[in-house]
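The values are calculated or read from the model by the stated rules, or taken from the named source; none is laboratory data. Bear in mind that the values here come from a model prediction, so they are computed numbers and not experimental data. All Cβ positions, even for glycine, are placed from backbone atoms using ideal geometry, and neighbour counts span all protein chains on display. Quick note on the areas: whole protein, heavy atoms, side chains included, nothing else; ligands and nucleic acids left out. Shrake-Rupley method; radii C 1.70, N 1.55, O 1.52, S 1.80 Å.
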Amino acid sequence: MRFLTSWIVPVSYSYNESYKSSLPGMATRPEWKYRFGLRRTTDVPILSDVRPQSATEGKSYNLTSGFTLFGGLVTTVNYKRSLGRDLIKRGPRYENISTSWPDLSIRIKKFTTLPLIKGMVNKFIDVFSPRTGFTRRTKETKDVVAGFTTLKVTTKNYSPLLSVNFKLFRALSLSSTYSYNENNRANYNPTNGEIQSLTISTSKSLAITSQYSFSSPQGISIPLLGKVKFRSTVDIKLNVKINSSKTETSSYGGSFRPSVDKSDFSLIPIISYTFSQQIKGGLTVRWQDSKDNYRNRKNHTREVQLWTEIRF
């Protein structure tokens, strides 16, 4: 049994139940069972109060597990579900249901048991270190009295869709992350349950970061003081980001019309020098272009920053 189940991550489960009540205007203190939450009703007389009575209840479930294959493929799986209901409320009463499934996180590390190709695959993993993740969440709101759904939101997050870390040399590294998110929002008529509007929003993001650092002991000659030795360190970092987002809306089954269509590109190189504990300096350059296709607008940013720190 241990051989058959050793690849399964231990399962954890949690369950929570909540109840919240607000009863303003009580003439006397209620009995202890009501105060400690053992009873939901009380016979205390109520005085006139402008604040309305309210009561809500909720439940939540959380189940977590996963598996590990060949000692290198690590996967985490989560299932979450929560329910909240209005019991007493002025105006319409709603029930909110939130479900997160599947919630996956996949990470690949060096394999311990992989026949024939373990050495070659581990060298590839040591250089790239890939990982990915996917989450699907659904939020639904229902009218308790009418029984119709008034709002439903479905979100898909590929965060990240793919992330890799390159170890090219000892002092040079490169990391890249690509993410994709999709959000569908549907509004319904609370009286008959027919769809009123559907909004689809998507966003993409690509981030690339490169780092390189080196140091070298040097010396300079200063009159009357002779040659002073110090260790200079140079850190070079380059950040590149590309983002885009788009939103389209359809009313009563009609054609989709865009309301958001943006894109953004930024390039930020950063160079910092450390000559000694007393002398430091650096250079930061920012090149950013933003474009709004819906409003037909463009923004360009060019920035150069120089800094020096001298301690006496």
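Relative to the longest principal axis of the Cα atoms of the chain, helix 118-128 runs at roughly 90 degrees.
Extension gain, Leu38 to Gln305, is 89.7 nm, computed as 0.36 nm per intervening residue step minus the present C-alpha separation. The calculated FRET efficiency for the pair Thr28 and Ser60, based on their C-beta separation and a Förster distance of 41 Å, comes to about 0.75.
Remark: the chain carries a charge dipole of roughly 720 debye about the Cα centre, counting +1 on each Lys and Arg Cβ and -1 on each Asp and Glu Cβ.
Over all orientations, region 12-77 has a Cα convex hull whose mean projected area works out to 6.7 square nanometres.
If you roll a 1.4 Å probe over the chain with all protein chains in place, what percent of the accessible area is carbon or sulfur? Here carbon and sulfur together make up 56 percent of the probe-accessible area.
For region 143-165, the residues whose amide N sits under 18 Å from a probe point set 7 Å from the Cα of Asn192 along the beta carbon direction are 143, 146-151.
Between region 99-163 and region 1-63, the alpha-carbon centres lie 32 Å apart. Annotation: extensible slack from Lys109 through Asn122 equals 3.9 nm (criterion: 0.36 nm per residue apart, minus Cα-Cα distance).
Accessible surface computed residue by residue for the chain, with neighbouring protein chains in place and a 1.4 Å probe, gives 69 Å² per residue. Computed over region 1-48, relative contact order equals 33 percent, with contacts defined as Cα pairs under 8 Å that lie 6+ residues apart. Comparing region 70-212 with the 2.2 N^0.38 Å rule of thumb, its C-alpha radius of gyration ratio is 1.52 (two decimals). Note the listed values (i) 6, 27, 36, 19, 8, 3, 0, 0; (ii) 5, 14, 18, 19, 18, 14, 8, 3, 1, 0; (iii) 6, 20, 21, 18, 14, 10, 7, 4, 1, 0, then indicate which one is P(r) over Cα pairs in 10 Å bins from 0, in percent calculated from this particular structure. Matching entry in (i) 6, 27, 36, 19, 8, 3, 0, 0; (ii) 5, 14, 18, 19, 18, 14, 8, 3, 1, 0; (iii) 6, 20, 21, 18, 14, 10, 7, 4, 1, 0: (ii).
Each Cα pair under 8 Å and six or more residues apart adds its sequence gap; the mean of these over the residue count of region 10-152 is a relative contact order of 19 percent.
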